[in-house]
Amino acid sequence: MQERISNRHGQIPTQVGVVGGGQMGSGIAHAFLVAGSLKVIVVEIDHTAAQQAIERICGALQKSLDRGHISREIHEWSTRLATSTDYSALSDCELVIEAVPEAWDIKVSSLLQAESNLNEDSWLATNTSSMSIRSLSKQLERPDRFCGLHFFNPVPASKLVEIVLAPCTSSEMEDKSRSWVEALGKTPIVLNDSPGFASSRLGLAIGLEAIRMVQEDVATPEDIDNAMVLGYKFPIGPLALTDIVGLDVRLGIAEYLHSTLGDRFEPPRLLREMVDRGELGRKSGRGFYTYK
């Protein structure tokens with residue numbers, strides 16, 4: 001077994017598994033790789049997706065190296081990074097974080113497959129940004145060893161992680177989660193399970209209202225964003241942030257919160273129209289802004 005890596009802020013797991021190597025999953029893998037000399041295993045749906053995950057993570061690590069944010073050579077991390085299409089590869093992981101798309105059936109299936117391959121000392125978390133941790137925990141055999149670990153995009157640069165507890169989440173899971181987050185150099189906030197948690201609920205409320213303002217021709221996206229950046233000291237405007245998150249992702253969260261919290265989270269017509277046109281933000285090259 002690898003030697004456990006500790007620092008003054010927390011304790012890194014011995015081995016971490018990430019289910020899903022997309023934008024969020026690769027960011028989570030990146031954060032753990034640079035935090036200590038542990039192994040990270042990313043499980044993907046097929047070999048093509050697994051190769052894309054490797055390229056995504058190594059590319060991000062190289063950018064961090066080029067910018068002087070990290071100092072070790074890239075190959076030191078690549079030798080500790082592995083991918084698999086088989087959930088059994090997670091069997092030796094102390095912590096596994098699910099980071100698949102925000103769809104209930106996909107989440108539950110991924111969590112069940114991960115849990116069935118973990119040993120009795122392992123811990124399981126979901127990176128969902130809005131789904132009920134209580135409801136997800138009820139699908140599991142060991143709900144006391146499960147919680148939400150909601151990372152933010154981009155994961156390496158973000159300083160916040162929401163730890164979301166279900167009623168059955170053990171105090172040991174809460175304590176370990178705090179330690180893991182602090183070991184990554186991030187700040188944990190602990191929440192009891194509620195739709196949208198804190199960040200998605202508050203951030204989405206602002207984002208949806210900004211979209212309605214564009215829809216109603218109140219002002220341009222640039223001026224709306226500048227109002228919040230210059231007037232309220234937001235680091236980025238709500239529409240630019242929506243482009244980063246992805247309009248399809250924002251729509252999915254809005255639909256869920258609309259169903260659980262009521263009409264205040266009803267998705268604006270403009271948001272639906274833009275998603276239907278494929279204007280998803282940065283990842284498609286066009287959202288409220290145009291990207292090369």
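The values are calculated or read from the model by the stated rules, or taken from the named source; none is laboratory data. What you are looking at is a predicted structure, and each value in this text was computed from that prediction instead of being measured. Neighbour counts are summed over all protein chains in view; Cβ atoms, including those assigned to glycine, are modelled from backbone coordinates with ideal geometry. Only protein heavy atoms, including side chains, enter the accessible area calculation; ligands, DNA and RNA are left aside. Shrake-Rupley method; radii C 1.70, N 1.55, O 1.52, S 1.80 Å.
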Accessible surface of F288 - all protein chains present, 1.4 Å probe, nearest 10 Å²
30
Can you give the charge dipole size of segment 177-231 about its Cα centre, rounded to the nearest 20 debye, using +1 on the beta carbon of Lys and Arg and -1 on the beta carbon of Asp and Glu?
420
Counting only protein chains, not ligands or nucleic acids, how are Y291, Y232 ordered by accessible area (probe 1.4 Å), most first?
Y232, Y291
For segment 231-292 versus segment 100-138, the gap between their alpha-carbon centres in whole angstrom
25
Kirkwood Rh and Cα Rg combined as Rg/Rh, segment 65-167:
1.01
Decide, for segment 25-120, between rounded, prolate and oblate: order the square roots of the alpha carbon gyration tensor eigenvalues as a ≥ b ≥ c, take rounded if a/c falls under 1.5, and otherwise choose prolate if a/b is larger than b/c, else oblate.
prolate
Any idea what angle helix 247-261 forms with the longest principal axis of the chain, computed on alpha-carbon atoms, 0 to 90 degrees, nearest 10?
90
Nearest-0.05 FRET efficiency for Y289 and N192 at R0 = 35 Å, using Cβ-Cβ distance, is 0.45
Gyration tensor verdict on segment 206-292 (Cα atoms; rounded if a/c is under 1.5, prolate if a/b is larger than b/c, oblate otherwise):
oblate
Please find, in a Gaussian network model of the chain (springs between Cα atoms separated by less than 10 Å), the residue of I12, I57, I206 whose mean-square fluctuation is greatest.
I206
If DNA, RNA and ligands are ignored and the probe is 1.4 Å, what is the ranking of K283, K39 by accessible area, most exposed first?
K283, K39
To the nearest 500 deg cm²/dmol, what mean residue ellipticity at 222 nm is calculated for the chain from DSSP H runs of n ≥ 4 alone, each contributing -39,500 (n - 2.57), summed and divided by the residues?
-13500 deg cm²/dmol
Ignoring ligands, DNA and RNA, what accessible area per residue does the chain give at 1.4 Å, in Å²?
47
If you roll a 1.4 Å probe over segment 69-138 with all protein chains in place, what percent of the accessible area is carbon or sulfur?
46
Ratio of the Cα radius of gyration of the chain to 2.2 N^0.38 Å, where N counts its residues
1.00
Of S64, G246, H258, farthest towards positive along the dipole that unit charges on Lys, Arg, Asp, Glu beta carbons give the chain:
S64
From the protein chains alone at 1.4 Å, what is the descending order of accessible area for V218, V181, largest first?
V218, V181
Mind checking the dipole of the chain: about its Cα centre, +1 per Lys or Arg Cβ, -1 per Asp or Glu Cβ, Debye to the nearest 20?
620
Inter-probe distance in nm under a simple model that places probes 7 Å from Cα toward Cβ, at F234 and D92
4.6
In whole Å, how far is the Cα centre of segment 42-63 from that of segment 145-223?
24
Picking from R56, R67, R145, which is most flexible by a Gaussian network model of the chain using Cα springs under 10 Å?
R67
Relative to the longest principal Cα axis of the chain, at what angle does helix 171-183 sit, 0 to 90 degrees, rounded to 10?
80
Please report, as a whole percent, how much of the solvent-accessible surface of segment 169-292 comes from carbon and sulfur atoms (probe radius 1.4 Å).
52
